[in-house]
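Student: Below is a structure I'd like to ask you about.
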Amino acid sequence: MQQRLRPDTLAIHAGQEPDPTHRAVMQPIVLASTFAQDEPGKPTAFEYSRSGNPTRQALEACLAALEGGTHGFAFGSGSAAALTLLHTLKPGDHVVSGDDVYGGTFRLLDKVLKPMGVTTSFVDLRDLSQLDQALRPETRWVWMETPTNPMLKLFDIQAIAERCRARGVPLAVDNTFASPVLQQPLALGAAVVMHSTTKYINGHSDVVGGALVTSDTALAERIGFLQNAIGAVPSPMDCYLVLRGIKTLPVRVRHQSASAAELARRLEGRRGVRRVNYPGLASHPDHALAQRQMSLPGAMLSVDLDADLDAARRFLSALRIFTLAESLGGVESLAEHPALMTHASIPKETRDALGIGDGLVRLSVGLEDVEDLAADLEGAFRAAGLG
Ligand SMILES: *Cc1c(COP(=O)(O)O)cnc(C)c1O
């Protein structure tokens, strides 16, 4: 019987046997677009690199293993992964989505799917009665993200998956913020997990990529068909880089989470701070759920500064170690202003209702020394006139 390996081991070995030709320990980057056939119409393991590629296959096996799934699929971006999954839909179908999803996912559902005849209801998935009311006979997917961006709200994957199963609707979970190290949606009942591997999974801010993982054989067959038919696949180079990044994923995420917890603790109650949104704080409304659903609270937090737009701008411009940039999950710490940057495409009324105001700053805590990060934030508070 095969030993059940733990995430730190899977991150380094899953899908990556030494190369049979040269016994190379690291996965070769197979750039070939096509593969020789011994007889007409009789391809061996690979045929054409959009359909399948050895480097991509290694990455897909590793991603599947980390999420505890049987089938992994890699894409050229997280958005490509999401759109490929949404291509399982046809006009007239309906989606229920959390109301606090990634801006690009909202845009896909609202600006790409809607004109194609697929409608979406956005609901607060913390309230299961809202989910029940939103589900219709034509609902084909429930889409959720937890923790959410940028408010770090949590949704109960297991409870939502149970409701979905009772109504025969599969649940898709965008697990980008938590990473498979902190949270395992398939084990909690999700049908499919989606990732922007651009973030924690690659972790070095040098690749844009995406993934889907499932253990449902029929769904895997459909996703595999769509992956090949649509063709939004990553290059072998990018697959190699993501595989290389994954090797340190568990170590990075644990360290980054510990630093984020320390910064959140120091920021909470500080002068100039209205509120710190971090699931690891006892003050967080979903703290108990975080302890149950996640192995650690993660390395993302948002801080509502007691600041108008100008002071928030001064705060962000004064940071020296935190880089002012969109994205998250890399080894370097990043800061951004959701209302002006990542969530600018969301209507202002929706942003206000979600609490994304002028003073809100989102932090992605990296691997730098936490004392240097704390000092950087202190300097920005002073520069912004926030005490
Ligand atoms: C970045 C991100 C995406 C989109 O992924 P891309 O790789 O940028 O296309 C989707 N969901 C979440 C939570 C993200 O952070």
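Student: Return the only residue of LEU63, LEU10, LEU83, LEU59 being free of Cβ contacts under 8 Å to residues at least 60 places away in the same chain, aliphatic (A, V, I, L, M) and crowded, with 17+ Cβ neighbours inside 10 Å. Reasoning before the result, please.
Tutor: On the way: LEU63 fails: free of Cβ contacts under 8 Å to residues at least 60 places away in the same chain; LEU83 fails: free of Cβ contacts under 8 Å to residues at least 60 places away in the same chain; LEU59 fails: free of Cβ contacts under 8 Å to residues at least 60 places away in the same chain.
The match here is LEU10.
Student: Suppose we filter the range 180-213 for residues that are among the β-branched types (Val, Ile, Thr) and away from the ligand (no atom under 12 Å from the Cβ); how many remain?
Tutor: Step one: of the range 180-213, the residues among the β-branched types (Val, Ile, Thr) are 181, 192-193, 197-198, 201, 207-208, 213.
Cutting the leftovers down to away from the ligand (no atom under 12 Å from the Cβ) gives us 181, 192, 213.
Summing the residues that are among the β-branched types (Val, Ile, Thr) and away from the ligand (no atom under 12 Å from the Cβ) in the range 180-213 gives 3.
Student: For LYS90, are the conditions met, namely being assigned by TED's automatic domain parsing to the domain that holds ASN149, more than 16 Å from the ligand (Cβ to nearest atom), outside any loop (DSSP other than H, G, I, E, B) and surrounded by fewer than 17 Cβ atoms within 10 Å (Cβ to Cβ)?
Tutor: Values: assigned by TED's automatic domain parsing to the domain that holds ASN149: yes; more than 16 Å from the ligand (Cβ to nearest atom): yes; outside any loop (DSSP other than H, G, I, E, B): no; surrounded by fewer than 17 Cβ atoms within 10 Å (Cβ to Cβ): yes.
Answer is no for this residue.
Student: With within 21 Å of LEU186 (Cα to Cα), assigned to a strand (DSSP E or B) and within 15 Å of the ligand (Cβ to nearest atom) as the only criterion, which of SER79, SER97 stands out? Walk me through how you get there before you give the answer.
Tutor: On the way: SER79 fails: assigned to a strand (DSSP E or B).
Sole residue among the options that is within 21 Å of LEU186 (Cα to Cα), assigned to a strand (DSSP E or B) and within 15 Å of the ligand (Cβ to nearest atom): SER97.
Student: Taking the stated definitions as given, is PRO250 outside any helix (DSSP H, G or I), in contact (Cβ under 8 Å) with a residue 24 or more places away in the chain and in contact with a helix residue (DSSP H, G or I) (Cβ under 8 Å, 6 or more places away or on another chain)? Give the steps one after another, and end with the answer.
Tutor: Details: outside any helix (DSSP H, G or I): no; in contact (Cβ under 8 Å) with a residue 24 or more places away in the chain: yes; in contact with a helix residue (DSSP H, G or I) (Cβ under 8 Å, 6 or more places away or on another chain): yes.
Considered against the rule, which asks whether it is outside any helix (DSSP H, G or I), in contact (Cβ under 8 Å) with a residue 24 or more places away in the chain and in contact with a helix residue (DSSP H, G or I) (Cβ under 8 Å, 6 or more places away or on another chain), PRO250 comes out as no.
Student: If the requirement is being modelled with pLDDT under 95, within 16 Å of the ligand (Cβ to nearest atom) and not assigned by TED's automatic domain parsing to the domain that holds LEU152, which of these qualifies: GLU326, GLU349, GLU336?
Tutor: One residue alone meets the criteria, GLU326.
Student: Then there's this: Given the condition within 24 Å of TYR200 (Cβ to Cβ), more than 16 Å from the ligand (Cβ to nearest atom) and buried (at least 20 other Cβ atoms within 10 Å of the Cβ), answer yes or no: does some residue in the range 265-276 qualify?
Tutor: Yes, the range 265-276 has at least one match.
Student: Criterion first (within 12 Å of the ligand (Cβ to nearest atom) and either polar (S, T, N, Q) or over 24 Å from SER257 (Cβ atoms) (or both)) does PHE106 satisfy it?
Tutor: Here the answer is yes, as PHE106 does meet what is asked.
Student: Can I ask one more? Could you identify the single residue in ASP156, ASP174, ASP216 that is in the same structural domain as ASP110 (by TED's automatic domain parsing), away from the ligand (no atom under 16 Å from the Cβ) and within 18 Å of the chain's Cα centre (by Cα)? Explain how you work it out, then say what you get.
Tutor: Values: ASP174 fails: away from the ligand (no atom under 16 Å from the Cβ); ASP216 fails: within 18 Å of the chain's Cα centre (by Cα).
Answer to the selection: ASP156.
Student: I would also like to ask the following. Just to check your reading of the model, which residue among ALA172, ALA190, ALA178 is in contact with a Gly (Cβ under 7 Å, 6 or more places away or on another chain) and modelled with pLDDT of 95 or more? Please lay out each step first, then the result.
Tutor: Values: ALA172 fails: in contact with a Gly (Cβ under 7 Å, 6 or more places away or on another chain); ALA190 fails: in contact with a Gly (Cβ under 7 Å, 6 or more places away or on another chain).
From the options ALA172, ALA190, ALA178, the qualifying one is ALA178.
Student: Name the residues in the range 18-51 that are loosely packed, with under 10 Cβ neighbours inside 10 Å and closer than 30 Å to VAL253 by Cβ, would you?
Tutor: Result: VAL25, single match.
Student: Something else: Please go through the range 113-136 and give me each residue that is over 23 Å from the mean Cα position of the chain (by Cα), among the charged types (D, E, K, R) and either over 24 Å from THR84 (Cα atoms) or part of a strand (DSSP E or B) (or both), ordered by number.
Tutor: Within the range 113-136, just ASP132 meets the criteria.
Student: Consider the range 177-223. How many of its residues are touching a Ser or Thr at 6+ places or on another chain (Cβ under 9 Å) and either among the small types (Gly, Ala, Ser) or without any contact (Cβ under 8 Å) to a residue 40 or more places away in the chain (or both)?
Tutor: 12
Student: Follow-up question, since we're still on this one. Among the residues of the range 208-250, write down those that are closer than 21 Å to LEU182 by Cα and basic (Lys, Arg). Let's see the steps before the verdict.
Tutor: First pass over the range 208-250, keeping only residues closer than 21 Å to LEU182 by Cα: 209-215, 242-250.
Listed by number, the residues that qualify are ARG244, LYS247.
Student: Here's a follow-up. If you go through the range 364-387, how many residues are touching a strand residue (DSSP E or B) at 6+ places or on another chain (Cβ under 9 Å), more than 11 Å from PHE322 (Cα to Cα) and not small (Gly, Ala, Ser)?
Tutor: 2
The values are calculated or read from the model by the stated rules, or taken from the named source; none is laboratory data. Because the structure is predicted, anything quoted here is derived from the model rather than measured. Reconstructed Cβ throughout: ideal geometry from the backbone, glycine too, with neighbour counts over all protein chains shown.
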